[in-house]
């Protein structure tokens, strides 16, 4: 009497393994892309809302500066000066501040210099590459 041969699970071939791996990797990449899209969608929405809130805050800040200017003119008016002159004083005060800020800005921009060390290093590297060719 011969003994029955035990039934074993068939070993997958290398081709089948490669197909399975490529399918799994493709599914994984698609899932990662979908996750990134959903995260970006949330981030873009939050960023858009943030930009809108900053814009509104900036606009309200501008209105506050205007109201502060009017209040400053009325405080100067309390000295007995005509209101038109008070507004001119506020105007010239803003011109003076703007002029001072522009002057400081011009002095600071004159301090900006080219990256001399980096330029020198790039020229030296260029020379080395030309000699090496």
With respect to the numbered conditions (1) more than 18 Å from residue 65 (Cβ to Cβ); (2) modelled with pLDDT of 95 or more; (3) under 33 Å from the mean Cα position of the chain (by Cα), which one is the sole condition not fulfilled by residue 111? (2)
List the pairs whose first member sits in segment 52-81 and is in contact (Cβ under 8 Å) with a residue 24 or more places away in the chain, whose second member is in a helix (DSSP H, G or I), and whose Cβ atoms are under 7 Å apart, counting only residues at least 6 apart or on separate chains? 69/90
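The values are calculated or read from the model by the stated rules, or taken from the named source; none is laboratory data. Just so we're clear, the structure is a prediction, and the values are computed from it rather than from any experiment. Here Cβ is always computed from backbone atoms with ideal geometry, including for glycine, and neighbour counts include all displayed protein chains.
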